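Here is the structure we will look at.
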Amino acid sequence: MTSSVDGIDAALLDRFVAIVGAAHAVRGEAEIAPYLHEPRGLYPGRSPLVLKPASVEEVSRILALASETGTHIVPQGGNTGLVGAQVPHATGGEVVVSLSRLNRVRELDPLSNTVTVEAGMVLETLHQVADAADRLFPLSLASQGSCQIGGNLSSNAGGTAVLAYGNTRELCLGLEVVLPTGEVLDDLRKLKKDNTGYDLKDLFVGAEGTLGIITAAVLKLFPKPRGREVAWVGLNSPEDALALFGVATGRAGGSLTAFELVGRTPLDFVLQYTPDAVAPLESPWPWNALVEISSGRSAEDASGLMEEILTEGLETGIAGDAVIAASLAQAHAFWSLRENLSDAQKPEGASIKHDISVPVVSIPAFIARAADAVASVSPQARVVCFGHMGDGNLHYNVSQPAGGDPKAFLDLYRAMNKAVHDIVRELGGSISAEHGIGQLKRDELLATAPPVATDLMRRIKAAFDPAGIMNPGKLL
Ligand code: ZN
């Protein structure tokens, strides 16, 4: 390799291209551009080459050559990640490996309730594969139309179904991984029980491509719910939301499949900026909850549970108002409001984002204290708080003061992050609940995580990837 700023030696690039064939190597400036920029445009990258292998053997040969030549490799799925883990640095000295052509179903086993798929399968396609077998694959994300299973695993993606089904880690039973040396770790087992030493696969889940390249996975399937009810609830406070969550959990248990919290400001934004969006309740409330019940038995069972929850909520005064979706279309409309919250922030200017989690019981304390912290950094900034309350995970975003200067507001990014994250740490929470670390939170992780933990992570990284070729500068 020549100097990293000047990219990679042309003869070496040709050796990489020969592994996948010229038709599956992306080199032209226009063609390569979509692989170099992540969705928020925060980390524009450069690279002379994107490789699109179609087999595990090709991935293995790519990594073996990368190891031999010290070439840095950036694995990429659907390129929807929000922390800059999946794009190359601006040096131009890294090769991107796109898994999009490794996208087959290897096996579907309805009795074991497992599906074995390759890393490049798009999440929505997997939903369809499961549905055709009368099963559910529950992982559900805003980007499901383009994100890929390998990326979901590498970021340990969360989303809206974690409350009942767990995050991606909990949905994964087995993995096939190509190690930086080119060796293949075949751990594609569909076992619920397996106590045979260290759980190696768990190290690759959430590793953001820093330990190897996931090429296939055994994932859990579930029975399809026979009944589903969705309600929108108006609430006076986060304390009331927490109390209602307690009622819902107590009455519905595992049938409570979503409990999402939405503040007044994000709801106002989404109603203002989304065509055809309709307010679910007659009058606005300071807080809202989107509650979903799924029953494995029947529609009547789901509606009975929902009615019990809302009746208790309204009678005790915890809930201010509530409406149950009267049709599938209305249920979809409620979910659309929730899913469009992020986009609806854009017309309001610059935004400083947080993806935090705290113990569910600490959500009200976090919201109260974080509001003060935000005001201390930018008194006119607007808190846009929503998220997966049932998981203790909030997307605690802060929009710039109305009509203010976006750049001046974004200059406060670090100060705002610190003010909010200090509270998260004091409450025993996490500064990255479901988006990962990538480039965005790397410095903060290294500066604030316990040194024993970061030291262990570095030693694991060194054991798996002694040459340091896998996605360097991300996570660690
Ligand atoms: Zn989320």
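The values are calculated or read from the model by the stated rules, or taken from the named source; none is laboratory data. Keep in mind that what you see is a predicted model, and the values were worked out from it rather than measured. Cβ sites come from the backbone with ideal geometry, for glycine too, and all protein chains shown count toward neighbours.
Residue check: is Ala370 crowded, with 19+ Cβ neighbours inside 10 Å, over 22 Å from the mean Cα position of the chain (by Cα), assigned to a helix (DSSP H, G or I) and modelled with pLDDT of 95 or more? Explain how you work it out, then say what you get.
Working: crowded, with 19+ Cβ neighbours inside 10 Å: yes; over 22 Å from the mean Cα position of the chain (by Cα): yes; assigned to a helix (DSSP H, G or I): yes; modelled with pLDDT of 95 or more: yes.
When the stated conditions are applied, Ala370 passes them.
In region 253-268, what residues are outside any strand (DSSP E or B) and surrounded by 24 or more Cβ atoms within 10 Å (Cβ to Cβ)?
Scanning region 253-268 gives Pro266, Leu267.
Collect the residues in region 141-153 that are at pLDDT 95 or above and within 14 Å of the ligand (Cβ to nearest atom), keeping them in residue-number order.
Answer for region 141-153, where residues must be at pLDDT 95 or above and within 14 Å of the ligand (Cβ to nearest atom): Gln144, Cys147, Asn152.
Looking only at residues in region 420-469 that are at positive phi and under 24 Å from the mean Cα position of the chain (by Cα), which one is nearest to the ligand (Cβ to nearest atom)?
My answer is Gly436.
Of everything in region 189-240 that's part of a helix (DSSP H, G or I) and touching an Asp or Glu at 6+ places or on another chain (Cβ under 8 Å), which residue is nearest to Asp131 (Cα to Cα)?
Checked region 189-240; the qualifying residue nearest to Asp131 (Cα to Cα) is Lys201.
Which pairs do you get when a residue that is on the phi > 0 side of the Ramachandran plot and touching a residue at least 40 places away in the same chain (Cβ under 8 Å), found in region 387-408, comes within reach of a residue that is assigned to a helix (DSSP H, G or I) and within 16 Å of the ligand (Cβ to nearest atom), reach meaning Cβ atoms under 6 angstrom, with the pair 6+ apart or on two chains?
Taking only residues 6 or more apart or on different chains, the pairs are Gly392/Val360.
Based on what the data block shows, is Gly78 within 23 Å of Ala157 (Cα to Cα) and modelled with pLDDT under 95?
For Gly78, the condition - within 23 Å of Ala157 (Cα to Cα) and modelled with pLDDT under 95 - is not met.
Determine, yes or no, whether Lys190 is buried (at least 23 other Cβ atoms within 10 Å of the Cβ) and either basic (Lys, Arg) or touching a helix residue (DSSP H, G or I) at 6+ places or on another chain (Cβ under 6 Å) (or both).
Considered against the rule, which asks whether it is buried (at least 23 other Cβ atoms within 10 Å of the Cβ) and either basic (Lys, Arg) or touching a helix residue (DSSP H, G or I) at 6+ places or on another chain (Cβ under 6 Å) (or both), Lys190 comes out as no.
Hey, can you tell me all the residues within region 408-467 that are surrounded by 20 or more Cβ atoms within 10 Å (Cβ to Cβ), small (Gly, Ala, Ser) and part of a helix (DSSP H, G or I)?
Result: Ala419, single match.
Looking at (1) within 16 Å of the ligand (Cβ to nearest atom); (2) surrounded by fewer than 19 Cβ atoms within 10 Å (Cβ to Cβ), which is the only condition Pro379 fails?
Pro379 satisfies every listed condition except (1).
When you go through (1) more than 16 Å from the ligand (Cβ to nearest atom); (2) small (Gly, Ala, Ser); (3) surrounded by fewer than 19 Cβ atoms within 10 Å (Cβ to Cβ) one by one for Ala130, which number turns out not to apply?
Ala130 satisfies every listed condition except (3).
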